[in-house]
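Each reported figure results from applying straightforward, stated rules to the coordinates on display, with no laboratory input. Computed from a predicted structure; not experimentally measured. For neighbour counting, all protein chains shown are included, and Cβ atoms are generated from backbone atoms with ideal geometry for every residue, glycine included.
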Amino acid sequence: MNIHEYQGKQLFRDAGLAVQDGVHCTSVEQALAAYDALGGNVVAVKSQIHAGGRGKGSLHSPQSGELVMQGGVKIAFNREEVETYAQNILGNILVTKQTGSDGKRVNNLYVEGGCKIAHEYYLAILIDREEKMPLIMASCEGGMDIEEVAEKTPEAIFKVHVDPSDGLLPEQVEGLAASLGLAGAAVDSFVENISGLFDLFVSKDCSMVEINPLVRTEDDRIVLLDAKVGFDDNALFRHPDIIELRDLSEEEPTEVRAKAAGLSYVKLDGDIGCLVNGAGLAMATMDVIKLYGGEPANFLDVGGGANEEQVTTAFGIIMEDPNVKGILVNIFGGIMRCDIIARGVIAATQALALEDPLVVRLVGTNFEEGRRILAESGLNIHTAETLAEGAKMIVELVGGES
Amino acid sequence: MSIWIGEDAKVLVQGITGNQGTFHATKMAEYGTNIVGGVTPRKGGQIVDLGSVQAPVWNTMVEAIEATDADASVIYVPPRFAGAAIIEAANAFSQVRGNGVIVCITEGIPTLDMVKAVDHVHNTDGVRLIGPNCPGIITPGETGGSKIGIMPGHIHAKGRIGIVSKSGTLTYEAVAQTMSIDEGQSTCIGIGGDPVNGTGFIDCLSAFENDEQTVAVVMIGEIGGTAEEDAAAWVAENMSKPVVGFVAGMTAPPGKRMGHAGAIISGGKGTASEKVAAMEAAGIRCANDPSEIGAVLLESLKTAGLR
């Protein structure tokens, strides 16, 4: 689960970390009041969406799609500029490298006091899967796209692994400060803030914290000028305060509904819907559709113990996508029996009056019974023995190139 | 032989009195797994009816291992308690008999709980963790065998192919593919789809390399992380037996979690094409389609003079 920058900053502030004063706004009036409240000095007017790359993004009118303004994060030197920027941002669509061409509507704004920056750094905390422990990554190239830095100058990224038995040691943070070339008062400020940030990462079960940029001010303080914070979905049960920060309007509504039904769904751009049990097999099903000349419309894993009701919900979710012209069901019945799946498929196609071509491949426990039920249903359901056969069949039925 | 789990391994079920625990313990006992009992805190002294077996319940893993000298445990406890269950099992195996295999089936364990649990297991001599978020491990026998997990037992047969996979149903697909060319399995291991897990590809490959029963290995990967690339590098250096592979997620978009918590392409890393390229470069022949794993395996067995 991700949260907005303004929410992340509040978590930082509550944890005693150095952030600038700022105000969350949803209207131009609030933005102007925030400017006044922050003392009428230079402020940053920042679009709040969950995707990154906001600074280099562009704002477009939701009606005409016309460009309204370049840059989703603006520095305002006076009240008039605050008004202009807030007007240009709120209610418009922000397109960044991470949002895709459809962009995201900006409903929230953060007006934040400026500071005198001497240098910008990059810092992130995440879990290193291979080392199986938290990793702090930092670079002197703040404000830049870290993926680009990682590719072009990997030696410019400094890494500190945190052994779970020992925790983060003060000398590790001091070492990182030295690697970044910090000296004097900035080192103490860095150690205090980064140690605090790591504690927050652990105590709130974050999956990632990215501060880009982390800045050193002219008076040698370290300030967290950005806050991209993600949380481990599996740990949300122990963080009711974090669940409250969730902004569902930032998430794909169908994916949210699928999750509530115990399904895992990701929408894609193709026209062949897939309904599969197991994440690996669901990915493989998409791959094989593509291999035989089709384009998958979605990833959908019904899980290991899906029942008739979940299968019906899954069909409903797939059919909501107007691009879908046919559906491939691929079930390897292990714990889940194929005859139960077959009955679910029949119930769902009848309940939803499915007219698109449907190919069902059932193997595993009770597959003969499952296939017999489908064959005897009198419905227009094609059955396949292997995944390859099923994929070729559905691609042909929807009129792909193969 | 086989790896880590013998055909008659003595197995405890952690969470045996829960719905999932009882259901799967019954299925395991039906298959022929030697279930010697289970553990649920505060339910010690009860007997759970598994049909073919009446399984005694203990309050703690220490008591259960002392009473049964179990070789392995399988965990079906809910996600929020699973990390602690792994640590309890590791301590108990180490303390009572000096070794043991822990298989964690539970899906949805907080990542930082797994960081702690994996670190603990790593620092506890003689204990191996398989999973979490995995189908488990199975060593098929002539009749029955040892099934420790949730996989459908009846699709397996004893044989000479080792299987290691991040995915559940795709492992079953690989098993069916070996059967389609009249080959059985020595041991099949699901290492799980979480970002932080216990046993990895290299542990399994290395054990298969040293196992007399195994002559070739099927390795199934998926997007996310670099475990497949690391395994490929290891195979190139150390593996004499043929390895064939498949990687799921060629069409997965970046930045989206594909069901498994660990199946995500992030920061341009963890794509299927990179993994396949690394595996092919290491001499691991990869199928483009899981339905072709059997054919690719057969080809590799012939090349190696094994068919």
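A compact table of results
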| read-out | value |
| --- | --- |
| Cα-based shape type of the stretch A:316-391, given that a ≥ b ≥ c are square roots of the gyration tensor eigenvalues and the cut on a/c is 1.5 | prolate |
| Label point distance in nm, A:Arg257-A:Glu309, each placed 7 Å from Cα along Cα→Cβ | 1.7 nm |
| Stokes-Einstein D (µm²/s) once Rh is taken as the Kirkwood radius of chain A over alpha-carbon pairs, at 4 °C in 1.567 mPa s | 54 µm²/s |
| In degrees, nearest ten, helix B:227-238 long axis to first principal axis of chain B (Cα) | 70 degrees |
| Modelled FRET efficiency - R0 51 Å, B:Asp8 with A:Asp247, Cβ distances, 0.05 increments | 0.40 |
| Between 0 and 90°, nearest 10: helix A:387-397 axis offset from chain A longest Cα axis | 90 degrees |
| Local electrostatic count at A:Asn212 - Lys and Arg +1, Asp and Glu -1, tallied over other residues with Cβ under 10 Å | -4 |
| Simple Cβ-charge dipole of the stretch B:196-291, Lys/Arg +1 and Asp/Glu -1, about Cα centre, in debye nearest 20 | 420 debye |
| Cα-based helix-to-principal-axis angle, A:308-320 vs chain A, degrees rounded to 10 | 70 degrees |
| Within chain A, helix-based [θ] at 222 nm, where runs of 4 or more DSSP H residues each add -39,500 (n - 2.57), nearest 500 | -10500 deg cm²/dmol |
| Kirkwood-based shape ratio for the stretch A:241-319, expressed as Rg/Rh from alpha carbons | 1.02 |
| FRET E, pair A:Asn107, B:Glu142, Förster distance 56 Å, beta-carbon r, rounded to 0.05 | 0.30 |
| Dipole magnitude of the stretch B:1-110 about its Cα centre (Cβ charges: Lys, Arg +1; Asp, Glu -1), debye to nearest 20 | 300 debye |
| A:Arg79-A:Glu155 pseudo-label distance in nm [points 7 Å out on the Cα-to-Cβ vector] | 5.4 nm |
| Rounded Å value of the spacing that divides the Cα centres of the stretch A:302-362 and the stretch A:34-83 | 45 Å |
| Residue-by-residue Karplus 3J(HN,Hα) for the stretch B:251-268, coefficients 6.51, -1.76, 1.60, Hz, glycine and proline x | 9, 6, x, x, x, 10, 6, 9, x, 5, 4, x, 8, 8, 8, 10, x, x |
| Kirkwood-based shape ratio for the stretch B:31-159, expressed as Rg/Rh from alpha carbons | 0.96 |
| Mean residue ellipticity (222 nm) of chain B, computed from DSSP H runs ≥ 4 via -39,500 (n - 2.57), nearest 500 | -10500 deg cm²/dmol |
| J(HN,Hα) series, the stretch A:339-351, from Karplus relation 6.51 cos²θ - 1.76 cosθ + 1.60, nearest Hz, glycine and proline x | 5, 5, 4, 4, 5, x, 4, 5, 4, 5, 5, 6, 4 |
| The stretch A:95-147: radius of gyration over Cα atoms, expressed as a fraction of 2.2 N^0.38 Å | 1.58 |
| Karplus-derived HN-Hα couplings along the stretch B:202-212 (A = 6.51, B = -1.76, C = 1.60, θ = phi - 60°), whole Hz, x at Gly and Pro | 5, 4, 5, 4, 5, 5, 5, 4, 8, 8, 5 |
| Rounded to the nearest 20 debye, dipole of the stretch A:1-126 from Cβ charges on Lys, Arg, Asp, Glu | 360 debye |
| P(r), alpha carbons of the stretch A:256-402 - 5 Å bins starting at zero, rounded % | 2, 11, 23, 26, 23, 12, 3, 0 |
| Within-10-Å neighbourhood charge of B:Glu222 [Cβ basis; K, R +1; D, E -1] | +1 |
| Where only C-alpha atoms are counted, convex hull volume of the stretch A:170-234 per residue in Å³ | 81 Å³ |
| Residues whose placed amide H lies under 5 Å from that of B:Val13, excluding near-sequence neighbours | B:Gly37, B:Gly38, B:Val39, B:Val74 |
| Computed log₁₀ I(q)/I(0) - Debye formula, equal Cα scatterers, no solvent, the protein assembly as shown, q 0.05, 0.11 Å⁻¹ | -0.27, -1.19 |
| For q = 0.10, 0.16, 0.18 Å⁻¹, Debye-computed log10 I/I(0) when each Cα of the stretch A:149-306 counts as one equal scatterer | -0.61, -1.01, -1.10 |
| Among A:Met283, A:Pro322, A:Thr365 the positive-end extreme of the charge dipole of the stretch A:255-402 (Cβ point charges) | A:Thr365 |
| GluC sites (Glu not before Pro), loop per DSSP, at most 15 other Cβ atoms within 10 Å - longest free stretch of chain A | A:252-354 |
| Neighbour count of at most 16 Cβ within 10 Å plus DSSP loop: longest trypsin sites (Lys or Arg not before Pro)-free window in chain A | A:247-402 |
| Net charge of neighbours whose Cβ lies under 9 Å from the Cβ of A:Leu225, counting Lys and Arg as +1 and Asp and Glu as -1 | -3 |
| Cα lying deepest toward the dipole's positive end in chain A, options A:Leu225, A:Gly303, A:Val149, charges on Cβ | A:Gly303 |
| Spacing of the two label points (7 Å from each Cα toward its C-beta) at A:Glu385 and B:Asp230, in nm | 4.1 nm |
| Cut-off 17 Å, label 7 Å out along Cα→Cβ of B:His154, residues of the stretch A:349-379 by amide N | A:362-373 |
| Tensor-based shape of the stretch A:44-90 (alpha-carbon gyration tensor, a/c under 1.5 rounded, otherwise prolate or oblate) | oblate |
| Chain B: relative contact order in percent, alpha carbon pairs under 8 Å with at least 6 residues between | 14 percent |
| Spread of Cα-to-Cα distances over 10 Å intervals beginning at zero, given as percent, for chain B | 7, 29, 35, 22, 7, 0 |
